[in-house]
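First the structure, in the form of structure tokens, and then the observations on it.
The values are calculated or read from the model by the stated rules, or taken from the named source; none is laboratory data. Because the structure is predicted, anything quoted here is derived from the model rather than measured. Cβ sites come from the backbone with ideal geometry, for glycine too, and all protein chains shown count toward neighbours.
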């Protein structure tokens, strides 16, 4: 039972970390796109 809880908690932590990473990457790409658009204009 304890092993199952540990696996579930680790899985949840990894999922939350992945969401934050993807969101951060999306923000970085948006920032780069905005900078490129400003340079073109």
>> Quick check on this structure: which one of 25, 33 is surrounded by 10 or more Cβ atoms within 10 Å (Cβ to Cβ) and within 9 Å of the chain's Cα centre (by Cα)?
In response: 25
> Among the residues of region 4-13, is there at least one that is at pLDDT 80 or above, in a helix (DSSP H, G or I) and loosely packed, with under 10 Cβ neighbours inside 10 Å?
Replying inline: yes
